[in-house]
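Take a look at the structure below.
The values are calculated or read from the model by the stated rules, or taken from the named source; none is laboratory data. Since the model is a prediction, treat every value here as computed from it, not as a measurement. Counting neighbours? That spans all protein chains shown, and the Cβs are built from the backbone with ideal geometry, glycine included. Calculation scope for accessible area: heavy atoms of the full protein, side chains included, ligands and nucleic acids excluded. Shrake-Rupley method; radii C 1.70, N 1.55, O 1.52, S 1.80 Å.
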Amino acid sequence: KCGLAGPVLDVLSRRPGWQQAKDEEEWDFLWCDVSWLRENFDHTYMEEHVRICHFRNHYELSRKNYLVKNLKRFRKQLEREAGKLEAAKCDFFPKTFEMPSEYHLFVEEFRKKPGITWIMKPVGRSQGKGIFLFRKLKDIIDWKKVRKTMVEKQFLERGNCMLFLSQDGVRADEQKDETQIETYVAQQYIENPYLIGGRKFDLRVYVLVTSYIPLKAWLYRDGFARFSNTRFTLNSIDDHYVHLTNVAVQKTAPDYDPEKGCKWMIQQLRQYLTAKHGAGSVEVLFADMDNIFIKSLQSVQKVIISDKHCFELYGYDILIDRDLKPWLLEVNASPSLVASSQEDYELKCHLLEDTLHIVDMEGRLTGKEKRVGGFDLIWNDGPVSREGNLGAPVNGNFIANTHLGCYNDRKQQLKQLFRTLSAQQTA
């Protein structure tokens, strides 16, 4: 059963032996949006073999304020248990405060570094909606006033309804929740992004998690860099075409060319960076990105409800600065699977096909595979080495099983994989 159109439905419909369930029919596999999950998950009985594309509380990683909260807590835990050096491996997200609850902490930090740029993001929205940059505290005070006015207006408009609910036994704090100010995060803006052709970009990278206990994570070889349409400058912080790389924002630019788009495949970016900075520096950069994927997943490992029926395909947004340091901007539990070009359509179809191979409703895999199509197993209750056993101990000769931005000969690999599996079953 599928609640989405586009590449997802195309891939599911083309899969041999699969049929789309009608509205009331029982289903074995569900690709849904997160709203279905909120309304139905707790009331749905699932048999052993059934699979669904989200974990129950996926928002612990994908909601901006929870992500930061979990990362901060995990960093403190690492510092206690393994020391400052290990904790420093979590220093890959910009300084962030939840608003309005941490407003006073934010003001304290803001006054330490006057003049730097901050970015405000609503925690529950996507595609660049509601985001703005600022350098003056006045902008935040104005924002608070606007939000307060909106809430008061909403409260007055719904006053009669509130009174009725109150008489019906609803607690006062529940009434308050209905008129809460929308939560934002205020985050220190990365003022020195790596530029190509004078333009800012960020990366979309795909990570598939099939289990949290034990943690089992796969990294996709393909991904893309999303470029802004306008040359980067800090002189115009109100220009979204300069600062926000979301395709949803960029495609509304007056000079946007749909034929050219604003994306590079991640292989193209890796080649460019290698030519400019050398293979060694780029290896370090990509290893630092691997660290982001693993540490962020570990930060929510104990809070995500690990259900054997669930898997999650995350879209990680990473920004690289001029020092080739990667920063985690956010993690999406519903990364856009709509195609903006033929190349984009093919990437997303291959990504989805390989996701289904790993979820393995057909029961063809042995569970010992370290590569399936474009996915490489990067964590299996421990780091995975390119050679030797799964979860081999880290030592001087350890080479991680990651190939982000490397050649993706997925068709050939799948052909070989399924041929071998078929021969083993026959034997």
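Could you derive backbone 3J(HN,Hα) for segment 352-358 from the dihedral phi with the Karplus parameters 6.51, -1.76 and 1.60 (θ = phi - 60°), listing whole Hz in sequence and x where the residue is Gly or Pro?
Each residue of segment 352-358 in turn: 5, 4, 6, 4, 5, 4, 6 Hz.
Using a Förster distance of 60 Å, how high is the FRET efficiency between K136 and E26, based on the Cβ-Cβ distance and rounded to 0.05? Intermediate values should be presented prior to the final figure.
Details: r = 57 Å, r/R0 = 0.96.
Computed FRET efficiency for K136 and E26 comes out at 0.55.
In this model, which of K113/K200; K76/K308; K84/K295 are farther than 26 Å apart at the alpha-carbon? Let's see the in-between values first.
Numbers: K113/K200 24 Å; K76/K308 29 Å; K84/K295 15 Å.
Beyond 26 Å: K76/K308.
Using θ = phi - 60° and the Karplus form 6.51 cos²θ - 1.76 cosθ + 1.60, what ³J(HN,Hα) does each residue of segment 40-45 get, whole Hz, x for Gly and Pro?
10, 4, 5, 10, 9, 7
At a 10 angstrom cut-off on C-beta neighbours, averaged per residue, how do the peptides 310-320, 225-235 rank from highest to lowest? Working shown, then result.
On the way: 310-320: 21.0, 225-235: 17.0.
Descending mean neighbour count gives 310-320, 225-235.
How large a share of the accessible area of segment 200-243, in percent, is made up of carbon and sulfur atoms when the probe is 1.4 Å and the other protein chains stay in place? Could you put the intermediate results ahead of the total?
Values: 640 of 1300 Å².
Roughly 49 percent of what the probe reaches on segment 200-243 is carbon or sulfur.
Tell me, what is the per residue accessible area of segment 296-427 in Å², probe radius 1.4 Å?
Heavy-atom SASA per residue in segment 296-427 reads 47 Å².
Compare K136, K64, K1 by solvent-accessible area with a 1.4 Å probe and give them largest first, with all protein chains kept in place.
K136, K1, K64
Put a dot 7 Å past each Cα toward the Cβ at M361 and S306; how far apart are the dots in nm?
In this crude label model, S306 to M361 measures out at 2.5 nm.
Near N65, within a Cβ-to-Cβ distance under 13 Å, what is the net charge of the other residues, with Lys and Arg +1 and Asp and Glu -1?
Summing Lys and Arg as +1 and Asp and Glu as -1 gives +2.
How much length would be gained if the chain were fully extended between E86 and L234, taking 0.36 nm per residue of separation minus their Cα-Cα distance, in nm to one decimal?
Difference between extended and current length: 49.9 nm.
Applying the Karplus parametrisation 6.51 cos²θ - 1.76 cosθ + 1.60 with θ = phi - 60° to the phi angles of segment 296-310, what ³J(HN,Hα) value in whole Hz is obtained for each residue in order, glycine and proline being reported as x?
Rounded to whole hertz, the list is 5, 5, 5, 5, 10, 4, 8, 9, 6, 6, 7, 10, 5, 7, 9.
Just how far, in whole angstrom, is segment 84-98 from segment 1-61 if you go by their alpha carbon centroids?
After rounding, the separation between the Cα centres reads 35 Å.
Can you list the residues, at least 5 places off or on another chain, whose amide H is less than 5 Å from the amide H of Y194, using H built in the peptide plane?
Excluding prolines and chain starts, which carry no amide H, the hits are I320, D321, R322.
Using label points projected 7 Å from each Cα along Cα→Cβ, tell me how many nm separate K368 and C406, to one decimal.
2.1
When the chain is fully extended, how far beyond the present Cα-Cα distance does A275 get from S341, taking 0.36 nm per residue of separation?
21.1 nm
At R0 = 41 Å, how high is the FRET efficiency between Q77 and T117 if r is their beta carbon distance? Nearest 0.05 is fine.
0.85
Just to confirm a number: summing +1 for Lys and Arg and -1 for Asp and Glu over residues other than G315 whose beta-carbon lies under 12 angstrom from that of G315, what do you get?
Computed value for this residue: -1.
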